[in-house]
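What follows is one structure encoded as structure tokens, with my remarks underneath.
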Amino acid sequence: MTLLGIDVGTTGCKSAVFSETGGLLSVAYEEYDIQRPQPGWAELDSLEVWKKVKLTIRRAAAGHHGEPVRALAISSMGEAVVPVTRGRQILGPSILNFDVRGARYLDSLGHALSDAQLYRINGNTLGNHYSLPKLKWLRENQADLYDRADLFLHWAGFVSFMLGAEPALDYALANRSLLFDVDRQDWSEELLAWGGIERAKLPPLCQAGTPAGVVSRELADELGLPAGVLIAMGTHDQCANSVGCGAISAGRAMYGMGTFVCLTPVFEQRPDPASMIHQGLNTEHHAVPGCYVSFIFNHGGSVLKWYRDTFAALDRKLAQQEGRDIYAELIAEMPPGLSSVLALPHFAPTGPPEFVDDSAGVLVGLKLETQRGDILKGLLEGITFYEREVLDALPEAGITVNSCRAVGGGSKSDAWIQLTADIFGIPVVRPAVTEAGALGAAIIAGVGAGVWPSFDAAVDTMVTLDRIFEPRMDVHAAYEPQYEKYRQLWPLMKGFLRSIS
């Protein structure tokens, strides 16, 4: 018996088959392009992505020769939705969260409902990256498409539906719409009226892992799957990542080290809204019953990529030709101690607590003797300092983080994880499988299929640990003066950076 995890992201999708003990048996990945039909617009060709998802499933299913797939689930990006008919016809593109469409509705929505009122119901504060502003734009500007759509489905629900499941969505992804009532675990009539969206346009809701149907016979034949494969309801990718690395109980956090760095603490009670709003933090259902998560994020791997392309373009080209890992080589150039360079990682719009979109990156301390390894380490320190500021404030909201589970491409670097543990002052654990989204989806599928009685039992079986990076407390103490200097950068330079951004 095997399990299939499908991970649908903004620029690519992955399907992976796992054994019931967590062994990766086969994996397939396909990229797709973001469409930009007008300045500020960003969308996915829903039909193209669906074809790529099917291609990865077919390749992953054909890539192993063991036991047949018993169940599957989907992890997906958060806010984007796909317009469909109940006959499973795809009607249009999927508008992405950083698309500017919908921004003009924020003032009127904000006047009608305060952040405190919205947070009390939904666990989020108003922003254009959520589904609601995009749905309002569609209703007013593409009324024919809006009217023809029977349902607007978030991607995990959309892929499940297209594979043969009944229309459904889990609580975590429903939260990304701004139309969900966290306490009632259902669409909010008050928020639907506030947003002007009909309940009939949205699917029924359920807990992640709930059986939602089986793969249709036609698609099973097309994709090389056996008959009767169970489709368990999937979830938001950050929640699936957390499941896939074992961050399923209070006190643990998932630390995603990808394009964004994202610290996802797990907690069991809804925190005080005032404290969460002050820190710019959301409250969202975890895939695991009885738990919630929040997201502390900023650019991480994207800044590392900028550094690579700016300071090591020729090295990158040579490394590609010779099959070498350019990132590992650049990180090996970092000095053993603290960097002499202090970095403010405002290279793009930031995340919590302020969501700054009118700043710029800053490097302080450059001298003639500064080496590029000093600059890289300063950037990684700045990225980690950014996360620590919000991490340090979590106890005010009653949230405790005792350890992190590191996943994503950056977690392959021992040096980066050790730096994180030293700055945070808590252990950072790397699991054996660091691409945790697909594994998390497979675990959800297994729980939904009854392979395990609980997420605890599933994680105990499927998630194995590679290494624990303990904080070196002498290094942690040495970082404190540097961290305090970092905390002064934005308050000191705020006005100037905003004037030039």
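The values are calculated or read from the model by the stated rules, or taken from the named source; none is laboratory data. Note that the structure is a prediction, hence the values are computed from the model and not measured. Neighbour counts run over all protein chains shown; Cβ positions are idealised from the backbone, glycine included. Calculation scope for accessible area: heavy atoms of the full protein, side chains included, ligands and nucleic acids excluded. Shrake-Rupley method; radii C 1.70, N 1.55, O 1.52, S 1.80 Å.
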Q) Can you give the angle from 0 to 90° between the axis of helix 372-393 and the longest principal axis of the chain, with both taken from C-alpha atoms, to the nearest 10? A) 60
**Q.** Mean separation of Cα contacts under 8 Å (6+ apart) over length of the chain, as relative contact order %
**A.** 16
Q: Kindly work out what percent of the DSSP beta bridges joining two residues of the chain are antiparallel, to the nearest 5.
A: 70
Q. With Cβ to Cβ distances under 10 Å as the rule, what net charge do the other residues near residue 239 carry (K, R +1; D, E -1)?
A. -3
Q.
How would segment 94-206 be classified by its alpha-carbon gyration tensor: rounded, prolate or oblate, with rounded meaning a/c under 1.5 and the a/b versus b/c comparison settling the rest?
A. oblate
Q. Using alpha-carbon pairs under 8 Å, 6+ residues apart, how would you state the relative contact order of segment 62-180 in percent?
A. 34
Q: Rounded, prolate or oblate: pick one for segment 123-186, where a ≥ b ≥ c are the square roots of the eigenvalues of its C-alpha gyration tensor, a/c under 1.5 means rounded, and failing that, prolate if a/b is larger than b/c, else oblate.
A: oblate
Q: Give me the number: length gained by fully extending residue 358 to residue 461, i.e. 0.36 nm times residue separation minus the C-alpha to C-alpha distance, one decimal in nm.
A: 32.5 nm
Q: Working from Cα positions, state the angle (0 to 90°, nearest 10) between the long axis of helix 473-500 and the longest principal axis of the chain.
A: 80
Q) For segment 247-337, what is the accessible area per residue in Å², given a 1.4 Å probe and the full set of protein chains? A) 42
Q: Please label the shape of segment 248-392 as rounded, prolate or oblate, based on the square roots a ≥ b ≥ c of the eigenvalues of the alpha-carbon gyration tensor (a/c under 1.5 means rounded; beyond that, a/b larger than b/c means prolate, else oblate).
A: prolate
Q) About its Cα centre, how strong a charge dipole does segment 129-188 have in debye, to the nearest 20, once Lys and Arg get +1 and Asp and Glu get -1 at the Cβ? A) 220
Q. Distance from the Cα centre of segment 296-374 to that of segment 213-256, in angstrom?
A. 33
Q. What's the center-to-center distance, using Cα atoms, between segment 60-79 and segment 389-404 in Å?
A. 34
Q.
Can you give me the % of accessible surface on the chain that is carbon or sulfur? Probe 1.4 Å, all protein chains present, nothing else counted.
A. 51
Q. Given DSSP loops and a limit of at most 16 other Cβ atoms within 10 Å, what is the longest stretch of the chain that contains no such GluC sites (Glu not before Pro)?
A. 1-197
Q: Taking the Cα centre of the chain as origin, sum charge times position over the Cβ atoms of Lys and Arg (+1) and Asp and Glu (-1), and report the length of that vector in debye to the nearest 20.
A: 640
Q. In terms of Cα to Cα distance under 21 Å, which lysines are near enough to residue 367, apart from those fewer than 8 places away along the same chain?
A. 377, 485
Q) Cβ under 12 Å from residue 335's Cβ, residue 335 left aside: what net charge do those residues give with Lys, Arg +1 and Asp, Glu -1? A) -2
Q: Go ahead and estimate [θ] at 222 nm for the chain from helices alone: -39,500 (n - 2.57) per DSSP H run with n ≥ 4, summed, over the residue count, rounded to 500.
A: -12000 deg cm²/dmol
Q | Net charge of neighbours whose Cβ lies under 13 Å from the Cβ of residue 375, counting Lys and Arg as +1 and Asp and Glu as -1 | A | 0
